[in-house]
Amino acid sequence: MSFDRHLSRRSFLSFSALTAASALAGCASSANTVTSGDTTIIYRSPMRLFQSPGASSVPSGAELAVMYGPIEDGGFLIPAVPYEQIDPRYYRQRVVDPTGQPPGTIVVDTPSRFLYLVQGDGMAMRYGVGIGREGFAWQGSGVIQWRQRWPRWKPPNEMVARQPELVKYSIENGGMEPGLKNPLGARALYIFSNGEDTLYRLHGNPDWRSIGKAVSSGCVRLMNQDIIDLYDRVPTKAPIVVWQ
């Protein structure tokens, strides 16, 4: 596969300079579809989970070193991801589109731990994701109503009730300030359906170990380098479909 031509020059230069110097919130199955208003919920059989065609290819080591190298962004230095310790299927890569959705659509295949961004040439960008408890709580279609760089994390009151130690980051207290330890990471995409916030987010995360796994809390998380790439490709109001 050729190098991701959409990788920003800023990211590449940041990686080069750094190498020279030293190197969350709210988120069932058959082939039936139910429509209510402008929301379509698609139920799928576990036997029909997407299996990406063999035409996809894993990026080379040199490409991966740039894709997952350190990035200076928004005043923060995002550390490199030790990609050698991650299952290669979860690397960001361009694959034959298995979704059947229109170009520009985001598809989250929750059971397979993949997120697809459908492109206009029969291909899709595929990203590995981690799914939290809230990540299994919502499915259907919506739009990316809001996007934010380095968001504040405001755990819902239900989470604070379960984990009182989070009260200092509650909605009432203004949430956790942006930063490398913030659970929403470098970017967040907020999903609305029928004009209402689903409390379901796509977001970055500092813990690369959670990719491909079901973790204790959160929604759909990507590595910070991947959520930045996705953010730069996806405009506000982009359609999204989430399958469970």
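The values are calculated or read from the model by the stated rules, or taken from the named source; none is laboratory data. All values reported here derive from a predicted model rather than from experimental measurement. With ideal geometry, Cβ positions are generated from the backbone for all residues, glycine too; neighbour counts draw on all protein chains shown. For the accessible areas, the whole protein counts, side chains as well, though only heavy atoms, and no ligand, DNA or RNA atoms are used. Shrake-Rupley method; radii C 1.70, N 1.55, O 1.52, S 1.80 Å.
Some values worked out for this structure:
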| quantity | calculated |
| --- | --- |
| Search result, residues across region 55-64 that are modelled with pLDDT under 95 and crowded, with 16+ Cβ neighbours inside 10 Å | S56, P59, E63 |
| Search result, residues across region 191-222 that are in contact with a Pro (Cβ under 9 Å, 6 or more places away or on another chain) and of a type in the set (A, V, I, L, M) | L199 |
| Checking L199 against (1) at pLDDT 90 or above; (2) more than 20 Å from F76 (Cα to Cα); (3) touching a helix residue (DSSP H, G or I) at 6+ places or on another chain (Cβ under 9 Å), the condition it does not meet | (1) |
| Residue check, V241 among the β-branched types (V, I, T), under 15 Å from the mean Cα position of the chain (by Cα) and at pLDDT 95 or above | yes |
| Residue among Y200, Y231 that is part of a strand (DSSP E or B) and either over 26 Å from L64 (Cα atoms) or open to solvent by 10 Å² or more (accessible area, probe 1.4 Å) (or both) | Y200 |
| Selected residue (criterion: surrounded by the most Cβ atoms within 10 Å (Cβ to Cβ)) from residues of region 85-139 that are β-branched (V, I, T) and outside any strand (DSSP E or B) | V129 |
| Single unsatisfied condition, P155 versus (1) assigned to a strand (DSSP E or B); (2) buried (at least 21 other Cβ atoms within 10 Å of the Cβ) | (1) |
